[in-house]
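The values are calculated or read from the model by the stated rules, or taken from the named source; none is laboratory data. Remember, it's a predicted structure, so these values are computed and weren't measured experimentally. Note that we place each Cβ from the backbone using ideal geometry, even for glycine, and neighbour counts take in every protein chain shown. Side chains are part of the model used for accessible areas, which takes the heavy atoms of the whole protein and leaves out ligands, DNA and RNA. Shrake-Rupley method; radii C 1.70, N 1.55, O 1.52, S 1.80 Å.
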Amino acid sequence: MSLPWTRWYPRFATQALLAQGAVLALVVGVGFALTAVLLRAELEQQYQQRALTIARAVAADRTVAGYVAVGKPSPDVRRRTEAVRMRTGALFVSVADNRGVRYAHIDPTHAGRAGTVTREVLRGREVVAIEHGTLGTSARGRVPLRDDEGAVVGEVVVGISATAIDDRLSHLLRAAMGFMAGTLLLGVAGVAVLTRRLKVQTLGLEPRDLADLVRGREAVLHGIDEGVLAIDQDNRISVCNDAAARLLGTSPAPGTELGRAGLPVGLRELTEGRRPARGVLVTTTDRTLVVSATPVSTGERDLGLVVTMRDRTELDQVARELDVMRALSDALRAQSHEYTNRLHTIFGLLRLGHHGEAEAYLAELIDDPLAVEHGDGGRLRDPYIQGVLAAKNATASERGVHLRLSDESFVPSQLTAPLDVVTILGNLLDNAIAAAAEGERRPAWVEVSLVAQADSLDMIVADSGDGVLEDLRDTLFEPGITTNADEEQPHGIGLALARQLTRRHGGDLKLAGTGGTECGAVFVATLPGVLGSAGESATLAEPAEDESVPALAKESW
C-alpha cells in the first residue's frame, strides 16, 4: 500500500520554483561560507600586520633599545611598553634581549626571567603568525631590536587577541548575512514572478500536456489533406506539412528563407506581400491550388503568416469532364434540331418539285467544313474534337460569329488525352468567340487550325477581335488576368489552366500575334504525345510542316 504523499506530484511551476529556490539557497550558502573563510584569512593577515606595525614602533624607541643593549632591565622599559599596549589595545607587548631575558611583559612577575627567542628574529628578520600561548590565541608580530650600531640585541613581540579578530569577523558576517538574505529573498521573488509568467505563457499547461499538444499538432498538420505553410516574421518557413509539400512539389526545411524555398511565383508574391487573402487561385507546374493567407499577430507583435492551400485539380478535372459531356450533349441537341430543320427544308423542296434547289442545298451542306465527317476521307476523326467544334459553332452562331476550320486542318487519329485537349481547345475558342463578338471588325469570325504532327497536335486559334492590350501581354497567362469585359461571369483562369495543361504534356501555349491589320489575337498551342497511332492513311495524308499554320495566322505573325 502506497503512502498518500507518494502519489502527489507538484506542478511544473512549483517544481521550477522549488528547484530554483534550492539552487539559490545553495549558491548563497556556499557564497556565505566562502566569504567567511576569506574574511577570516584577511582579518588574520590584517591583525598580524597591525601587530607587526606596533612592534616596529616599539623597536624604534631608542630608549628601549639602549636599556636592552647595555643589558640593564629598567622599569622605564615596562612603562613605555605598557603605554603602547594601552594606546593600541594590544593583548601584550613584550621586550627581550638576545638571550631571552624579558625586560617588559604584561605579567610583572615575568620581568627578568629567561624565555625563548625566535631564531629568525635574531637573524634580523620580521616574523608574523597566529600563535597559541598562555594568554590564548593571538596574532603576533616579532621585530628585531637593534642598538645604535645596527646589531640585533633582542626582539619585540606584540600580540593582538584572536577575540578581536572573531568580534570583527562576526560583525562583518552579520552584515554579509543580511545582504545575502536580502539577495536570497529577492532571488526567490524573481523566481516566483518568472514561474508565474511561465505559467501564464504556457496557459497553465504542464510539460506532459505541452508534449501531448506538440504531438497532436504534428498529427493534425501531417494528417490532413489541406496544405499548411507557416512563415515567421523574418520571412522564413517555420512549418510545411506533408500535404503542402505534396501540392507544391517541394519540401522546404524549417528556417528556409522564403526566396530560396522554390515556391510558385503566385504563391511567393502572395506571401511576400503579407496581405490577407482568401480563395486565390495559384497554378503550379501540374496543379491548380486554392490559397488562403492569414496574417498572425498577438497584440502589436507580428508572428508571421499562415497559408492554407487546397488542390483544385481534381475538382477542375471533374468540371472539365462535365463541360465536355455538356458540350457533346449541346452539340447533339443542336445537330438534332439543325438536321430536323434541314430534313424539313429538303422535304419541302422535293414536295414542291424544286429538285435543283434541293440538290444545291445538299451540296452546300456537304461543303460545310464543320460538318461531322465520317469515313477515311474525314479530316477530323476524333469524336471529341468533332463534338466541341459543333458545340462552339452553335455558340458562335448565337453571338453572330462565324467559326471556320482552316483548310490545313488534319487529325487522322483519336486523342489519347481527350479531356485535356478539349479543355484547352474549348478555352481558346471561348476567348476567341468573345473577342470576335466584342471587336469592331465585321463580319466577326474565328478560325481554328488543328494539325497532327506524328503523335503531336498543333492548335492555332485566330479571331477578328481587337487583340490583347499591350499592358496585359506579359501577364496574360497568370490567374485572375482576363480580357473579358463581362464582370458577372467568372473569368481569369481559362488561359492559365490551358497553359498549365499544355506544359503538363511537355508542350506550351503562347500568344503568337495580336492586334494585326487582318486579325486580332492568335494563340498557338503545341501538345506532344496526345494522338494515338494514325495508321498508313495518316502518314500519306499528313500535310507538310510549312502548311501546318493557317495563312491568316501566318500573316498576323
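Filter the stretch 390-418 for residues that are crowded, with 20+ Cβ neighbours inside 10 Å and assigned to a loop (DSSP other than H, G, I, E, B) and give the result.
406, 408, 409, 412 - these are the residues of the stretch 390-418 that are crowded, with 20+ Cβ neighbours inside 10 Å and assigned to a loop (DSSP other than H, G, I, E, B).
Would you call residue 421 under 22 Å from residue 526 (Cα atoms), open to solvent by less than 10 Å² (accessible area, probe 1.4 Å) and over 47 Å from the mean Cα position of the chain (by Cα)?
no
Is it the case that some residue within the stretch 262-271 is modelled with pLDDT under 80, under 13 Å from the mean Cα position of the chain (by Cα) and surrounded by 11 or more Cβ atoms within 10 Å (Cβ to Cβ)?
yes
Please list, ordered by first then second residue, the pairs with beta carbon atoms under 7 Å, 6 or more apart or interchain, first in the stretch 470-485 and under 19 Å from residue 436 (Cα atoms), second modelled with pLDDT under 65.
472/481; 472/483; 481/492; 482/491; 482/492; 484/491
Can you tell me how many residues in the stretch 424-449 are of a type in the set (Ser, Thr, Tyr) and open to solvent by 30 Å² or more (accessible area, probe 1.4 Å)?
0
Does residue 165 satisfy the condition of being over 60 Å from the mean Cα position of the chain (by Cα) and within 23 Å of residue 65 (Cα to Cα)?
In short, no.
Return yes when residue 330 is open to solvent by 50 Å² or more (accessible area, probe 1.4 Å), closer than 27 Å to residue 426 by Cβ and at pLDDT below 80 and no when it is not.
yes
For the stretch 191-207, check the following and say yes or no: at least one residue is modelled with pLDDT of 80 or more, under 30 Å from residue 86 (Cβ atoms) and either open to solvent by 30 Å² or more (accessible area, probe 1.4 Å) or not small (Gly, Ala, Ser) (or both).
So far as the stretch 191-207 goes, no, none of its residues is modelled with pLDDT of 80 or more, under 30 Å from residue 86 (Cβ atoms) and either open to solvent by 30 Å² or more (accessible area, probe 1.4 Å) or not small (Gly, Ala, Ser) (or both).
Testing residue 128 on (1) assigned to a helix (DSSP H, G or I); (2) hydrophobic (A, V, I, L, M, F, W, C); (3) open to solvent by 30 Å² or more (accessible area, probe 1.4 Å), one condition comes back false. Which one is that?
Among (1) assigned to a helix (DSSP H, G or I); (2) hydrophobic (A, V, I, L, M, F, W, C); (3) open to solvent by 30 Å² or more (accessible area, probe 1.4 Å), the lone unmet condition for residue 128 is (1).
If you go through the stretch 275-300, how many residues are over 25 Å from residue 477 (Cβ atoms) and at pLDDT 75 or above?
The qualifying residues number 5.
Within the group 337, 344, which residue is modelled with pLDDT under 65 and either open to solvent by 50 Å² or more (accessible area, probe 1.4 Å) or farther than 25 Å from residue 427 by Cβ (or both)?
Only one candidate passes the filter, namely 337.
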